[in-house]
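A short worksheet on the structure shown next.
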Amino acid sequence: MILRCSACARVAADGTLLCAACGDLLAFELDTAAFDPARVRALLAQRRVSNDHRDRSGVWRFRELLPPVPEAAIVTLREGDLPLYAARTGAAYAGVDRLSYLHQGMNPTASFKDCGMTVAVSNAHARGARVAVCASTGNTSASMAAYAARAGMHAVVLVPATGISESKVAQTLDYGATVLAIDGDFDAALAAVRTLDPTRVAVVNSINPYRIEGQKTAAFVLLEARDWRVPDWIVLPGGNLGNTSALGKGFREALALGLIDRLPRLAVVQAAGAAPFARAFASGRELEPVVAKTTATAIKIGAPASWKKALHEVRVSNGTALAVDDDAIADARAVIGRDGIGCEPASAASLAGLRVLAASGAIPRDADVVAVLTGHVLKDPQYVAQYHASGAARANPIVRVRDDAELMARIDAFVDSPVPAGR
Ligand SMILES: [Zn+2]
């Protein structure tokens, strides 16, 4: 695979982070002509019943499509084999007939970051890196801490001192990482990390092209689970936009490999208080950074690093970008929970956005839609508890009972009432 600048196309040295000529992000280029689609499908089907630790990973099962790394250096926690759930309540809520959730929160550290992290950390490990560093709103730090611990590397994370989920920090500490809390937001933390020398420490934010390679496998996993039938639309949350870049790249490679015959359209949904990408998409102008403000902390990013790559993916897929407010995200999040699934707030931007696109007719009712959920419901339990105590429309507050008679009466009342529809 060749590593190239995503802006000026110059070839870059392996292990570098940014283009030496123009400073933009790098991307790996896969030689898709080297593969026969029938053989790829057969090999993948065979690997699904294999006990090889690489085949049990929904990332390393696709290893020929990733930058090569020695087998002994691979650090895996069996990430990436993500479930695709039918979303009955969510479909009715959004106003579409066919909706499923690709739940990336069902990864080992409970967010989509693991798919990219296994590749970034394995490659850093192969090069002999001793220290892994990242800036994070919480999920990246937890993921990096876990993989660095497995690899035997120091892990140092930079997080904003306020406004990120306590449970993500707790998770990161538990995996043994050193947490440096700074007096700025995520964008300030990432700016600091970008100045580090990548030959001294492994910077594993999504500006790292290996991260994107790992994350692109979610597109393959999704298509494989659907027997290579292409959805009409993929709706996903947009924060730093590495996931949009990665999924778009995965779908383009699947098309170039002959595994599918068209691209799904990508719809990127941002929180209204952190929507520079949606604004840039609408105006057709350069992205203008903002000071991000949203309770969906995982997408609270004002200067998304991967915006140019993501814009390319949205455009080639004939997709779109939009913003939804925090109340719409909170409401949609509660709906996702009612399907017995659940997710963290940022993930629900996808369902909230789909509802807007279906109402306007931009996504027709009979479209085949996949909404991407990026993090597990337990990533932000404080948010969930506050929501259910809040009196919001879909809140499900704790019921306090006074005595045994009331307890029995409440249970009895359910016995004769109709049960929820179920899936
Ligand atoms: Zn360049």
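State whether the residues of the range 195-209 include one that is touching an Asp or Glu at 6+ places or on another chain (Cβ under 6 Å), outside any helix (DSSP H, G or I) and open to solvent by less than 10 Å² (accessible area, probe 1.4 Å). Let's see the steps before the verdict.
Of all residues in the range 195-209, those touching an Asp or Glu at 6+ places or on another chain (Cβ under 6 Å) come to none.
No, there is no match, as no residue in the range 195-209 is touching an Asp or Glu at 6+ places or on another chain (Cβ under 6 Å), outside any helix (DSSP H, G or I) and open to solvent by less than 10 Å² (accessible area, probe 1.4 Å).
Please list, ordered by residue number, the helices (runs of 4 or more DSSP H) wholly in the range 349-418 having 1 or more residues that are among the small types (Gly, Ala, Ser), over 30 Å from residue 170 (Cβ atoms) and open to solvent by 30 Å² or more (accessible area, probe 1.4 Å). Can you show your working first?
On the way: elements: 349-360, 381-388, 404-415.
Passing ranges, in order: 349-360, 404-415.
Among the residues of the range 164-194, write down those that are part of a loop (DSSP other than H, G, I, E, B) and more than 16 Å from residue 375 (Cβ to Cβ). Working first, answer last.
Just the residues of the range 164-194 that are part of a loop (DSSP other than H, G, I, E, B), to begin with: 164-165, 175-177, 183-185.
Within the range 164-194, 175, 176, 177, 183, 184, 185 qualify.
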**Asked** Out of all the residues in the range 134-152, which are touching a strand residue (DSSP E or B) at 6+ places or on another chain (Cβ under 9 Å) and surrounded by fewer than 24 Cβ atoms within 10 Å (Cβ to Cβ)?
**Response** 149, 151
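Only residues that are more than 16 Å from the ligand (Cβ to nearest atom) and either assigned to a loop (DSSP other than H, G, I, E, B) or not hydroxyl-bearing (Ser, Thr, Tyr) (or both): list them for the range 16-42, please.
Going residue by residue through the range 16-42, those that are more than 16 Å from the ligand (Cβ to nearest atom) are 30-42.
Residues satisfying the conditions are 30, 31, 33, 34, 35, 36, 37, 38, 39, 40, 41, 42.
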**Filter pass, residue 45 being within 16 Å of the ligand (Cβ to nearest atom), loosely packed, with under 12 Cβ neighbours inside 10 Å and at pLDDT below 95** = no
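Select, from 83, 67, the only residue that is under 20 Å from residue 306 (Cβ atoms), away from the ligand (no atom under 16 Å from the Cβ) and modelled with pLDDT of 95 or more. Give the steps one after another, and end with the answer.
Numbers: 83 fails: under 20 Å from residue 306 (Cβ atoms).
Criteria check complete, one pass: 67.
Would a scan of the range 226-239 turn up a residue that is surrounded by 24 or more Cβ atoms within 10 Å (Cβ to Cβ), within 15 Å of the chain's Cα centre (by Cα) and part of a loop (DSSP other than H, G, I, E, B)? Please lay out each step first, then the result.
Going through the range 226-239, the residues surrounded by 24 or more Cβ atoms within 10 Å (Cβ to Cβ) turn out to be 233-239.
The next check asks that each one be within 15 Å of the chain's Cα centre (by Cα); those that pass are 234-239.
Cutting the leftovers down to part of a loop (DSSP other than H, G, I, E, B) gives us 238-239.
There is at least one residue in the range 226-239 that is surrounded by 24 or more Cβ atoms within 10 Å (Cβ to Cβ), within 15 Å of the chain's Cα centre (by Cα) and part of a loop (DSSP other than H, G, I, E, B).
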**Fill in**
With the first residue restricted to the range 103-119 and required to be charged (D, E, K, R), and the second required to be surrounded by fewer than 24 Cβ atoms within 10 Å (Cβ to Cβ), Cβ contacts under 9 Å at 6 or more apart or on different chains are 114/77; 114/108
**Fill in**
Given the conditions (1) at pLDDT 95 or above; (2) open to solvent by less than 10 Å² (accessible area, probe 1.4 Å), every one holds for residue 189 apart from (1)
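For residues that are more than 18 Å from residue 257 (Cα to Cα) and assigned to a helix (DSSP H, G or I), scanning just the range 43-54, find the one that is nearest to the chain's Cα centre (by Cα).
Pass one, the range 43-54, residues more than 18 Å from residue 257 (Cα to Cα): 46-54.
Next cut, assigned to a helix (DSSP H, G or I) only: 46-47.
Numbers: 46: 27, 47: 24 Å.
The selected residue is 47.
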**Asked** Quick one: would you say residue 257 is in contact with a Ser or Thr (Cβ under 9 Å, 6 or more places away or on another chain) and closer than 24 Å to residue 362 by Cα?
**Response** no
**Item:** Selection from the range 107-137 of residues that are in contact with a Leu (Cβ under 6 Å, 6 or more places away or on another chain) and more than 24 Å from residue 199 (Cβ to Cβ)
**Value:** 108
**Every residue from the range 1-15 that is farther than 21 Å from residue 201 by Cβ, surrounded by 16 or more Cβ atoms within 10 Å (Cβ to Cβ) and either in contact (Cβ under 8 Å) with a residue 40 or more places away in the chain or more than 16 Å from the ligand (Cβ to nearest atom) (or both)** = 6, 7
**Complete:** residue 61: passes all of (1) at pLDDT 95 or above; (2) open to solvent by 60 Å² or more (accessible area, probe 1.4 Å) but (2)
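From 353, 361, 302, grab the single residue that is without any contact (Cβ under 8 Å) to a residue 24 or more places away in the chain and of a type outside the set (Asp, Glu). Talk me through it step by step, then tell me what you get.
Working: 353 fails: without any contact (Cβ under 8 Å) to a residue 24 or more places away in the chain; 302 fails: without any contact (Cβ under 8 Å) to a residue 24 or more places away in the chain.
When all the criteria are applied, what remains is 361.
The values are calculated or read from the model by the stated rules, or taken from the named source; none is laboratory data. Treat the numbers as computed from the prediction; the structure is a model and nothing was measured. As a convention, Cβ positions derive from the backbone with ideal geometry for all residues, glycine included, and neighbour counts pool all protein chains shown. These accessible areas exclude ligands, DNA and RNA; they are computed on the full protein's heavy atoms, side chains included. Shrake-Rupley method; radii C 1.70, N 1.55, O 1.52, S 1.80 Å.
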